[in-house]
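See structure below.
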Amino acid sequence: MPSTWPPPANADFDAWMNAFNTYFQANLGTWGFGVPESTAVLNAYNDWHAAFVANQAAQAAAEGTAQTQRNERQTSMDVIRPLVKQVQANPATTDIHRAGLGVNIPDPKTPTQVPPTAPFIELDWSQRGQVTIHVGETPNNELLNKFGQFAENVALQFKLTGGNFEHLGVTSNSPFVHVVGNTTAQTVEYRAAYLNSKGEQGPWSEVDDAYVGVAA
């Protein structure tokens with residue numbers, strides 16, 4: 001069982017997706033799920049596995065296939081992550097269930113603390129009118145990226161030229177896309193802070209800025 005989920009290595013992720021799908025299909029009634037969730041998870045696994053196998057066959061030289069793999073991995077997690085949150089919050093869920101699904105088992109001996117560190121930010125403003133915000137421990141490598149100790153979510157703020165920092169959003173995933181909607185070219189500053197499971201905030205990150213062109 002992986003110590004964290006999802007496993008960062010694609011081969012491990014493929015094995016985990018297979019095990020998750022098998023266990024989820026066999027036990028979905030426990031959590032009140034039915035055909036829609038069963039089909040969504042099965043399709044997510046089949047699409048991911050097909051992309052993974054194709055990418056393995058084509059090797060790293062097939063960049064188009066590698067991109068498909070990354071997209072399908074993200075799509076798989078978009079399907080599975082909210083279901084896991086429901087499973088984790090369901091009082092019927094036991095640690096045996098968690099082990100079968102390969103997701104985190106809470107350690108009752110580890111108290112929830114305020115995140116002691118700040119996340120790092122990597123900005124991409126290559127698309128006019130928007131900024132893609134990568135945030136975490138290694139935001140320049142999303143395949144290995146994760147949040148810091150005790151961090152469940154990330155709070156994001158932005159500031160336009162001459163303004164004050166404003167709330168942008170709270171996310172449990174990276175990257176986060178900010179559609180700026182600016183009518184003139186604009187420099188936008190960003191900062192981020194980790195939140196624990198109670199919503200308690202750690203320190204703010206260093207400020208990073210992006211020069212955002214007007215959307216075509």
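The values are calculated or read from the model by the stated rules, or taken from the named source; none is laboratory data. All values derive from a computational prediction rather than experimental measurement. Using ideal geometry, Cβ is built from the backbone for each residue, glycine included, and neighbour counts are taken over all protein chains shown.
Structural remarks
- Pairs with Cβ under 6 Å, 6+ apart, first in the range 70-91 and farther than 25 Å from residue 30 by Cβ, second hydrophobic (A, V, I, L, M, F, W, C): 72/48; 72/51
- If you go through the range 20-49 and keep only what is of a type in the set (Gly, Ala, Ser), assigned to a helix (DSSP H, G or I) and out of contact with any helix residue (DSSP H, G or I) (no Cβ under 8 Å at 6 or more places or on another chain), you end up with 26, 29.
- Residue in the range 74-90 that is under 12 Å from residue 174 (Cα atoms), in contact with a strand residue (DSSP E or B) (Cβ under 7 Å, 6 or more places away or on another chain) and not acidic (Asp, Glu) present: no
- For the range 92-125, a residue qualifies if it is within 18 Å of residue 15 (Cα to Cα) and in contact (Cβ under 8 Å) with a residue 60 or more places away in the chain, and the qualifying residues are 97, 99, 100, 101, 102, 103, 104.
- Checklist (1) surrounded by fewer than 18 Cβ atoms within 10 Å (Cβ to Cβ); (2) farther than 27 Å from residue 52 by Cα; (3) without any contact (Cβ under 8 Å) to a residue 40 or more places away in the chain applied to residue 140, failing item: (2)
- Pairs are defined by a Cβ separation below 7 Å, a sequence spacing of at least 6 or placement on different chains, a first member in the range 171-199 that is among the β-branched types (Val, Ile, Thr), and a second member that is assigned to a loop (DSSP other than H, G, I, E, B) and surrounded by fewer than 16 Cβ atoms within 10 Å (Cβ to Cβ); the pairs so defined are 183/214; 184/214; 187/161.
- Some residue of the range 147-170 being in contact (Cβ under 8 Å) with a residue 60 or more places away in the chain and more than 22 Å from residue 13 (Cβ to Cβ): no
- Verdict on residue 63 being of a type in the set (D, E, K, R) and at pLDDT below 85: yes
- The range 119-132, residues that are surrounded by 19 or more Cβ atoms within 10 Å (Cβ to Cβ) and assigned to a loop (DSSP other than H, G, I, E, B): 119, 125
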